[in-house]
2 protein chains.
Amino acid sequence: MGRWEPDARGRLEMAALELYAEHGYDQTTVAAIAERAGLTERTFFRHFSDKREVLFSRGTVLEDLLTASVADAPADATAYDVVAAALEATATLLEGRREIAPRRQAVIDAHPELRERELGKMTSWAAALTAALGERGVEPRLAGLVAQTGIAVFRVSFETWARGGATDDLAEILRDSFAELRSATAGG
Amino acid sequence: MGRWEPDARGRLEMAALELYAEHGYDQTTVAAIAERAGLTERTFFRHFSDKREVLFSRGTVLEDLLTASVADAPADATAYDVVAAALEATATLLEGRREIAPRRQAVIDAHPELRERELGKMTSWAAALTAALGERGVEPRLAGLVAQTGIAVFRVSFETWARGGATDDLAEILRDSFAELRSATAGG
DNA sequence: GAGTTGATGTCAGGAACTGTCATCACCGTA
DNA sequence: TACGGTGATGACAGTTCCTGACATCAACTC
């Protein structure tokens, strides 16, 4: 047995999600989150840079997966296909969070500051994708365009999945969306 | 003569941009901005919801223009073309801010919280575009995809313009980017 | 078993933001 | 001309977010 209960970070995340959902983001103080987790406010800020980040720090794992997927893609695949495949891989991993994802998403949707943070994370993913495509020799400008577009498609698909109760597979929704965008932009 | 100097809001915007640029966003207190503008901190928060918003509240005008452009587009234009044209119109208006835009952009780029707010605004534009397309009878899902994609293209183009010293026309850069995206996604 | 390390606690304090009430030029009206 | 209403601002107290500095103490190392 350690001196403290294990997984302080996880407890803070859980406590925050519960309190944000119960009383709203604004009505929840960091002190209250820490207290429910059996810790102090100061410790909260050692684990998370601010009050928002407690809902987002897991995203790092997904970003790493994205980067790895792009790196491992077949050498002859187009940039567009590489990105689509990488996002589908991420989607598969997200299926494991079916329980938490909708609750978390509801909290985020309910507050502008949290939506902004979410957008920041998505953009960080786009940057990671752009860099990974660059590593493959894709021209920077094209890499940026394809990455940004891919993330845009992901956003739309994720909304359908997380807000709609997640009856379909996220990966499937993604595939459909990519196909739809192809049709929409074709013929210029 | 009024009781107070005119254009308090504008003075606050100017003071904020200058101080953010000189000392950095973090090192600038709202009290300092207010003081330079000859006002009090409390008044700052009456004009702007928070310390970030002072750099962004002008965006409302652009959003209105976007909505209007979409509404006025020819009835037979495709959703994709309508969005491209609306963004080009906005771009033309932005040419008038050539002096301020790069300084403002540098400030925003230098701080994550400001970048997040910028993303929020862009997303708000995307939502406005989506709604305006919906008014034209475009199917919601397609409207969302095209709007998000359009904004993504705008972002990339705007970066090229504002960061690169703005030698070319923003509208021109936009046109090129839209064309490039067509090529990149074609043939699926 | 002494020293080091790492996660946490404690405390003080700055800055962001809000609520509330006071002030006072301007404006319309009698 | 007086007079009450309006709207932008000031003054001030209070809460919460977030940070820096230092203390504590189990576990680990040698």
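Give me the compactness ratio for region B:52-110, meaning the Cα radius of gyration over 2.2 N^0.38 Å. Don't skip to the answer; put the middle values down first.
Working: Rg = 13.8 Å, N = 59, 2.2 N^0.38 = 10.4 Å.
That works out to 1.33 for region B:52-110.
Using Cα centres only, tell me the gap between region A:76-137 and region B:17-71 in whole Å.
Here the two parts' Cα centres lie 30 Å apart.
Report the calculated FRET efficiency for A:His23 and B:Thr29 (r = Cβ-Cβ distance, R0 = 45 Å), to the nearest 0.05.
0.90
Give the shape of region A:1-62 as rounded, prolate or oblate, defined through the alpha-carbon gyration tensor: a ≥ b ≥ c are the square roots of its eigenvalues, a/c under 1.5 means rounded, and otherwise the shape is prolate if a/b is larger than b/c and oblate if not.
Taking the square roots of the gyration eigenvalues as a ≥ b ≥ c, region A:1-62 is oblate.
Can you give me the angle between helix A:100-109 and the longest principal axis of chain A, using Cα atoms only, in degrees from 0 to 90, rounded to the nearest 10?
90
Per residue, what volume in Å³ does the Cα convex hull of the protein assembly as shown take up?
Considering the Cα atoms of the protein assembly as shown, their hull volume per residue is 175 Å³.
Please work out whether region A:96-138 counts as rounded, prolate or oblate from its C-alpha gyration tensor, where a ≥ b ≥ c are the square roots of the eigenvalues and a/c under 1.5 means rounded, while otherwise a/b larger than b/c means prolate and anything else oblate?
oblate
Determine which lysines satisfy two conditions relative to B:Lys121: a Cα distance under 18 Å, and not lying fewer than 8 residues away in the same chain.
Within the straight-line limit of under 18 Å, B:Lys121 reaches these lysines: A:Lys121, B:Lys51.
Nearest 10 degrees, 0 to 90: what angle lies between the long axis of helix B:79-94 and the longest principal axis of chain B (Cα atoms)?
Long axis of B:79-94 versus the principal axis of chain B: about 30 degrees.
What fraction of the Cα pairs in chain B, stated in percent, has a spacing above 27 angstrom?
36
Pick out which of B:Ala75, B:Ala85, B:Ala128 has the largest mean-square fluctuation in a Gaussian network model of chain B, springs linking Cα atoms closer than 10 Å.
Top of the fluctuation ranking is B:Ala75.
Across 10 Å bins from 0, what is the distribution of all Cα-Cα pair distances for region B:121-172, in whole percents?
26, 40, 25, 8
When the expected Rg is taken as 2.2 N^0.38 Å, what fraction or multiple of it is the alpha-carbon Rg of region B:90-188?
Here the answer is 1.16, to two decimals.
If I model a spin label at A:Arg141 and B:Asp50 as a point 7 Å from the Cα along the Cα→Cβ vector, what separation in nanometres do I get?
Taking the two extended label points, one gets 3.6 nm.
Evaluate peptide B:117-124: per residue, the Cβ atoms of other protein chains within 10 Å of its Cβ; return the mean as an integer.
5
Could you tell me how many degrees, from 0 to 90 and to the nearest 10, lie between the Cα long axis of helix A:59-72 and the main elongation axis, the longest principal axis, of the Cα atoms of chain A?
20
Using unit Cβ charges (K, R positive; D, E negative) and no other charged atoms, how large, in debye to the nearest 20, is the dipole of region B:91-150 about its Cα centre?
100
In a GNM of chain B with a 10 Å cut-off on Cα contacts, which of B:Leu129, B:Leu119, B:Leu174 has the highest mean-square fluctuation?
The residue with the greatest mean-square fluctuation here is B:Leu119.
Computed from the coordinates by the stated procedures, all read-outs in this text should not be read as laboratory data. Predicted model, so just to flag it, every value in this text is computed and none were measured. A quick note on method: Cβ atoms are made from the backbone with ideal geometry, for glycine too, and the neighbour counts reach across all protein chains shown.
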